[in-house]
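The block underneath contains the structure these notes are about, expressed in structure tokens.
What follows draws every value from the coordinates through simple rules; no lab data is involved. Everything quoted here is computed from the prediction, not taken from an experiment.
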Amino acid sequence: MTNPYVPLLIMMGLAAVIAVGGVVASAVLGPKRRNRAKLEAYECGIQPTPHAVGGGRFPVKYYLVAMTFIVFDIEVVFLYPWAVSFTELAMFGAVAMMSFLALITVPFIYEWRRGGLEWD
């Protein structure tokens, strides 16, 4: 009898090989053209400038978009197990998921109406 975790470990190993292989291939095969713009730190599209001792301020819109993506990631994490065991959960699972989606949708609509998703 084989261990049921062997396919999972093989898949994790394969994913690690592909991830590391992509990084190594990019470093080996990629162009080596260095210039000043590539060596500077990337700051969300804002030109890097010397800031005050306390640090510079970023617009709040960057944080709103980041939090929106985090909320959607959490939503997917909760939706996947629900979709897998949908028939076993029956009506309780459907009611729980609809209430969860309603709780997620209300702040999304609020942010959308406030203009948090518009880029000016």
Please compute the length gained on full extension between Arg34 and Thr2, using 0.36 nm multiplied by the number of residues separating them and subtracting their Cα-Cα distance. 6.4 nm
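Please compute the length gained on full extension between Ala102 and Ile70, using 0.36 nm multiplied by the number of residues separating them and subtracting their Cα-Cα distance.
9.8 nm
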HN-Hα couplings for the range 104-115 via Karplus (6.51, -1.76, 1.60; θ = phi - 60°), in whole Hz with x for Gly/Pro, come out as 7, 6, 4, x, 5, 5, 4, 5, 4, 5, 7, x
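Let a ≥ b ≥ c be the square roots of the eigenvalues of the Cα gyration tensor of the range 58-120; is it rounded (a/c under 1.5), or, if not, prolate (a/b larger than b/c) or oblate?
Working: a/c = 4.63, a/b = 2.45, b/c = 1.89.
Because a/c hits 1.5 or more and a/b exceeds b/c, the range 58-120 counts as prolate.
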